[in-house]
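The values are calculated or read from the model by the stated rules, or taken from the named source; none is laboratory data. All figures in this text were calculated on a predicted structure; none of them were measured in a lab. Neighbour counts are summed over all protein chains in view; Cβ atoms, including those assigned to glycine, are modelled from backbone coordinates with ideal geometry.
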């Protein structure tokens, strides 16, 4: 996908591994994985992190207003995230994850091997533009 943020604190995400279409706004968070878009978050909650489950190894997001390219590769139980050509996260289903601390953090547990994707509309103050979202087998 290709995206840009309107500000440093803009917040969004890409929901992956959804077993079915969401039935409510929190369904994707608790039944899929959210690949975070947020330049201001800590390593567990910044662009390329799998929200509160797998942290980034480096920060590669360009400044607000510049286009970024994020690749999310799903192969069996492995999810690999690259941002602007650099692999910044690799998560394997079943690896140890931090304890859930807040109600809005995803419920821990396995996710579907295949299914739907979604884009998160976080809040009215967070403007994120998506120029391209594509899927390749």
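What to note about this one:
- Residue check for residue 65: in contact (Cβ under 8 Å) with a residue 24 or more places away in the chain, surrounded by 18 or more Cβ atoms within 10 Å (Cβ to Cβ) and at positive phi: no
- Among all positions in region 95-102, there is no residue which is surrounded by fewer than 19 Cβ atoms within 10 Å (Cβ to Cβ), in contact (Cβ under 8 Å) with a residue 24 or more places away in the chain and under 12 Å from the mean Cα position of the chain (by Cα).
- Cβ-Cβ under 8 Å pairs, at least 6 apart or on other chains, region 109-133 side on the phi > 0 side of the Ramachandran plot and touching a residue at least 24 places away in the same chain (Cβ under 8 Å), far side outside any strand (DSSP E or B) and surrounded by fewer than 16 Cβ atoms within 10 Å (Cβ to Cβ): 115/19; 115/20
- One residue alone among 126, 46, 52 is in a loop (DSSP other than H, G, I, E, B), surrounded by 14 or more Cβ atoms within 10 Å (Cβ to Cβ) and modelled with pLDDT under 95, and that residue is 126.
- Taking the criterion of being within 11 Å of the chain's Cα centre (by Cα) and over 19 Å from residue 31 (Cα atoms), the residues of region 57-79 that qualify are 70, 71.
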